[in-house]
Amino acid sequence: MKFVDEATIEVIAGKGGNGVASFRREKFIPMGGPDGGDGGRGGTVYAVADRNINTLIDYRYARVHRAQNGEQGSGSDRYGAGGSDITLRMPVGTMVYDADTGELLFDLAAHGQKVVLAAGGAGGLGNLHFKSSTNRAPRQFTHGRPGEHRRLRLELKVLADVGLLGMPNAGKSTLIRKLSNARPKVADYPFTTLHPNLGVVRTDSERSFVIADIPGLIEGAAEGAGLGHQFLRHLSRTRVLLHLVDVAPLDPSVDPIREARAIVEELRRYDPALYEKPRWLVLNKIDMVDDPQGLQEAFCLELGWTGPVFAISALAGQGTQELAWALQNWLDEQREAEHAFDEDARFAPPPQDAPAAGGEPAAPPARRPRRGARPSAAAEPPGPGDENAAD
């Protein structure tokens, strides 16, 4: 299936049905009074996030989505039927923009999330609502309101924990094939990856994360070279970026240091927020060099890199499991840190039977006696000067 991550659609909600002016006409009832019913409401256009869909291909060709109009009311106090709603299923991660103003309307970031794209119009009122003691034969009624009409731009940003970044043929697709069950195309020419690929990396029976592979960047992508910045948006939801560098290129004139700096510069020019994301350096094809440790130290020194660095061979699998475990541990720490405040016992509400500050259980509040009631002997023991006290 062709991968489509942008589409422009038009949604038109249903118009509400008109009310009706009608009067009851039956034999032997010459003055039956008004009995005009209301019009039905127009249908509404909804959108729901579905994790079983991973592309916007359906909305590239079906661009207009129209809900049903409400039916008109009729006599005998009969209301018109409401228009049928329609629900558009979209991939999780779809962002809905107003195509005319550019305003972000909705972000469908969770499976099953449902939003209203265009609300249906309300039905009109029949003359039944206008009767009164002074207006016994009203002929007024109202028309149904039109439904909302919008032009929307859909933009898909895939949901992943880890994003792969690098030049074409750096080994990104080979790495995702090695770590997960994803099977992107791998070949010995550049730009074999033409759309993002997602893979689930399972490090344990109950621990996993999602990794995303996007088409490679080249220097000058901001000016449209290669595939440009078309797919960089898919990295905006990731927690960490893996910058893959081919340290053993087939072309001897290619400088890996220069290519690594070019990728970082393109990232900065595209989005400063994406540039500030946590980034790990991954040196690929380390099995093709004589001194891997020395090359790693010299590479980091010349690049000025002080962050996490891993030396791997995506094809041979050397160092890939250590990289996967390090990513899993780092992601688990990030998730625990995000939920630490919510699970802090200091902010939990105290139980009802919590002990007092001195360690003794708190005494229940005393009940106030009813007005006019005499206090009981058990509640107020007699004093020594009470003449009714027991001997």
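The values are calculated or read from the model by the stated rules, or taken from the named source; none is laboratory data. What you see is a predicted model, and the numbers here were worked out from it, not measured in a lab. Using ideal geometry, Cβ is built from the backbone for each residue, glycine included, and neighbour counts are taken over all protein chains shown.
Within region 253-280, the set of residues being closer than 18 Å to Gln296 by Cα and of a type outside the set (Asp, Glu) comprises Val254, Pro256, Ile257, Arg258, Ala260, Arg261, Arg279, Trp280.
Restricted to region 279-327, and to residues there that are in contact (Cβ under 8 Å) with a residue 40 or more places away in the chain, surrounded by fewer than 18 Cβ atoms within 10 Å (Cβ to Cβ) and of a type outside the set (D, E, K, R), the residue that is nearest to Val200 (Cα to Cα) is Trp325. Please find, within region 85-103, the residue that is modelled with the highest pLDDT out of those that are touching a Ser or Thr at 6+ places or on another chain (Cβ under 7 Å) and within 18 Å of Arg233 (Cβ to Cβ). For region 85-103, the residue satisfying everything is Ala99.
Looking at His149, His111, His143, just one residue is more than 37 Å from the chain's Cα centre (by Cα) and outside the structural domain of Arg237 (by TED's automatic domain parsing), and that residue is His143. Output the residues belonging to region 16-73 that are in contact (Cβ under 8 Å) with a residue 40 or more places away in the chain and part of a strand (DSSP E or B). Within region 16-73, Phe23, Pro34, Val45, Tyr46, Ala47, Val48, Ala49, Asp50, Val64, His65, Arg66 meet the criteria. Within the set Val282, Val254, Val264, the sole residue that is within 17 Å of Gly319 (Cα to Cα) and not charged (D, E, K, R) turns out to be Val282.
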